[in-house]
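Comments concern the structure below.
A short reminder: the numbers here are calculations on the coordinates, not readings from a lab. Owing to the predicted nature of the structure, the values given are computational and were not obtained by experimental measurement. Using ideal geometry, Cβ is built from the backbone for each residue, glycine included, and neighbour counts are taken over all protein chains shown.
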Amino acid sequence: MAGITQHSSSGSTGGTFDPLRKRLLFPAWLMIGFFLVLPVLMMLVYSFLTKEFRGGVVWEFSTAAYDQFFFDRGLFGDEPAKIEWTYIAIFWRSMVQAFTATVICLLIGFPTAYFIATRPDSTRNIWLFLVTVPYWVNLLIRTVSMKFLIRDNGPLNEWLMMVGVIDSPIHLINTNFAVQLGLFYSYLPFMVLPIYASVERFNFSLAEAAADLYADKWVILRRVILPAVKPGIIAGCILVFVPSLGAFLAPDLLGGAKNFMIGSLIEEQFKGAAGNWPFGAAASMILLSMVLLVLMFYARNQARTAR
């Protein structure tokens, strides 16, 4: 009788707020609609407009921006269409850079997250603090500091020459390595924290049981631990890959013109009066489509896991 009374009481309490649930969500939906959906729709509309000679757009429907991204029709637009490999190469370079940054972050982030999750409770928060504290500083400041650190006459080269590792400075700035270093440094915590959350919830008695059945460490890692923490790994990979794909600070400051990425290309189209807003919007939509494909893959993978 008491159990029935308790159940009905909790049910009536939950039902009290049923009419308010949609109203309570209204501020969140308003923020999402105004600051996310509306800007994306504006970019979609701009991508189908015509470039104005002095910058901005002319409100005339056109697919010229998408045509410019994929096809080259000559200087005056009257030549037979050829594939425009310049922008496609930039987009492909962005995907390769983002994928490489994700792999590097995974290789470094998984052992780091595993180490932190297996520390005693008294020191675990200290390790998490050490991982996150550098990211309290603005990304622009951290990227400029990285550029100062790895330049030809920077502290890194001076220290390597002082200890006798190298005889002359190593040229690191304006290279793919510098871009990778910047992306890795920028987004490593996005890999560490989701994996840490998964490892922390892992039941280590399963690993002990596998060891009792004479499984070695690599078999335990591959067959027991990795499947259990797979959701955290996938979430971390997405959280690193998506912002790396559209990054522009690291390519601009550390990579130079020869290491242009899609984020830098989009940024350039909205600078000054010479920018091409429809083309920048079209490139943004192409980038957004790629991101949505990644997220759809993740959602589909999660749905299969839930079954």
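Here are some notes:
- The magnitude of the dipole of the stretch 11-145, with charges of +1 and -1 set on the Cβ of Lys/Arg and Asp/Glu and taken from the Cα centre, is near 640 debye.
- Residue (of Leu139, Ala250, Trp59) at the positive-pole extreme of the chain, dipole from beta-carbon charges: Leu139
- Applying the Kirkwood pairwise sum to the alpha-carbon positions of the stretch 115-164 produces a hydrodynamic radius of 13.4 angstrom.
- FRET efficiency, 1/(1 + (r/R0)^6) with R0 35 Å, evaluated for Leu226 and Trp29 via beta carbons: 0.40
- Simple Cβ-charge dipole of the stretch 98-215, Lys/Arg +1 and Asp/Glu -1, about Cα centre, in debye nearest 20: 340
- Spin-label pair Asn153/Leu44, simplified geometry with 7 Å Cα→Cβ offset, distance in nm: 5.3
- The 3J(HN,Hα) values that the Karplus relation (6.51, -1.76, 1.60; θ = phi - 60°) gives for the stretch 56-72 are, in residue order, x, 9, 10, 7, 10, 4, 7, 9, 5, 5, 5, 4, 5, 5, 9, 10, 10 Hz. Gly and Pro appear as x.
- Of the residues Pro80, Val37, Leu49, the one whose Cα sits farthest toward the positive end of the charge dipole of the stretch 19-116, with +1 on the Cβ of Lys and Arg and -1 on the Cβ of Asp and Glu, is Val37.
- Each Lys and Arg adds +1 at its Cβ and each Asp and Glu adds -1 at its Cβ; summed about the Cα centre, the chain shows a dipole of about 820 debye.
- The modelled label-to-label distance for the pair Val163/Arg124, using points 7 Å beyond Cα in the direction of Cβ, is 3.4 nm.
- Approximating the spin labels as points 7 Å out from Cα along Cα→Cβ, the Lys258-to-Val294 distance works out to 2.6 nm.
- Farthest positive-ward along the stretch 88-306 dipole, Cα basis, beta-carbon charges - from Trp159, Asn125, Val103: Val103
- The chain, helix-only ellipticity at 222 nm - DSSP H runs n ≥ 4, -39,500 (n - 2.57), divided by all residues, nearest 500: -21000 deg cm²/dmol
- Cβ-derived FRET efficiency at R0 51 Å, Glu200 paired with Ile170, nearest 0.05: 0.85
- Value of relative contact order over the stretch 60-135, rounded to a whole percent, pairs C-alpha under 8 Å and six or more apart: 15
- Annotation: the residues Ser244, Ser198, Ser122, sorted from fewest to most other C-beta atoms within 10 Å of their own C-beta, follow the order Ser122, Ser198, Ser244.
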